[in-house]
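Notes follow the structure.
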Amino acid sequence: MSDILYEGKSKIVCCGIDGNTLLIRYKDTATAFNGGKKEELSGKGKLNAEISNFLFAHLEKRGIKTHLVKVIDDTSAIVKKAEIVMVEVIVRNVAAGSFSKKYGVPEGASLKNVVVEFSYKSDELGDPMLAESHITALGLATSEELEEMARQALKINEMLIDIFAKARIRLVDFKLEFGRCGGEIILCDEISPDSCRLWDMDTDKKLDKDRFRRDLGDVLGGYREVLERLKGIRD
């Protein structure tokens, strides 16, 4: 393995093939509640890598600039070296999870419009929600960068809704991370059942990380079903 630069909850980041790239390797570790719950699930990294690489490739074809350069093997990929913006963008299409708890909205309730939230990318602080003025005051991003991230997030949401709908999957909500690269804001990190809420469109069966968070069982079965359905769509 190349020299390790950083090890996170779900991925290892290593030196790339040159000064402009990095190698990321997906792990089998499942975590929830900021690491309070943790378990090794053999094969999880491979599933997340394949799902994320599939979605990034489809987004690239639709004009979204991402960090993905080349898939190396089942769990590894070469990506562009980017300065990660320490602000996570959460997009919500349906009430679920913390949104339902905070605002007393039944899980599964339709929303009158898409919700875009920002949170501080900090496990130590519990990823608190941020207003734009918080973000600019802390120097995490400029107003222009936030506007661009929100614009891209909404565009990505439309594309993902379409992709998942073809697989009879409902995109409930998801988290995105962006980075600065070559003077542009590009999509980084991953899009997988770890970072999305994905429900079967007909039964509302959960096919995502909530299977692990809520002890629903067969976590990998849910992830595998997402991958198999995506591979079966025509685009």
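The values are calculated or read from the model by the stated rules, or taken from the named source; none is laboratory data. Model, not experiment: these values are computed from the prediction. Note that each Cβ is placed from the backbone with ideal geometry, even for glycine, and that neighbours are counted across all protein chains shown.
Remarks
- Checking each residue in region 168-197 for being surrounded by fewer than 20 Cβ atoms within 10 Å (Cβ to Cβ) and part of a loop (DSSP other than H, G, I, E, B) picks out R168, G182, G183.
- Count - residues of region 75-120 that are outside any strand (DSSP E or B) and either of a type in the set (S, T, Y) or exposed (fewer than 13 other Cβ atoms within 10 Å of the Cβ) (or both): 9
- Flag if G63 is of a type outside the set (V, I, T), in the same structural domain as G19 (by TED's automatic domain parsing) and within 30 Å of L111 (Cβ to Cβ): yes
- E144 surrounded by 15 or more Cβ atoms within 10 Å (Cβ to Cβ) and farther than 15 Å from L55 by Cα: no
- Of the residues making up region 69-109, those that are in contact with a Phe, Trp or Tyr (Cβ under 8 Å, 6 or more places away or on another chain), more than 20 Å from A57 (Cβ to Cβ) and of a type in the set (S, T, N, Q) number 0.
- Scanning region 142-174 for residues being within 21 Å of K209 (Cα to Cα) and of a type in the set (A, V, I, L, M) gives a total of 10.
- Per the listing S10, S110, the residue uniquely of a type outside the set (A, V, I, L, M, F, W, C), at pLDDT below 95 and touching a helix residue (DSSP H, G or I) at 6+ places or on another chain (Cβ under 9 Å) is S10.
- Boolean, A57 is farther than 26 Å from M159 by Cβ, under 15 Å from the mean Cα position of the chain (by Cα) and either at pLDDT 95 or above or of a type outside the set (S, T, Y) (or both): no
- The condition of being closer than 22 Å to G16 by Cα, in a strand (DSSP E or B) and either free of Cβ contacts under 8 Å to residues at least 24 places away in the same chain or of a type in the set (D, E, K, R) (or both) holds for only one of K38, K46, K70, that being K70.
- A search for C-beta distances below 7 Å between a residue of region 224-235 that is within 21 Å of D194 (Cβ to Cβ) and any residue that is part of a loop (DSSP other than H, G, I, E, B) and among the small types (G, A, S), counting only pairs 6+ apart in sequence or on different chains, returns R229/A167; L230/A167; I233/A167.
- Considering region 1-37, the residues that are under 20 Å from D123 (Cβ atoms) and small (G, A, S) include one that is surrounded by the most Cβ atoms within 10 Å (Cβ to Cβ), namely A30.
- Cross-chain or 6+ apart pairs with Cβ under 9 Å, region 96-115 first and farther than 14 Å from R197 by Cα and assigned by TED's automatic domain parsing to the domain that holds R214, then in a strand (DSSP E or B) and of a type in the set (D, E): V115/D173
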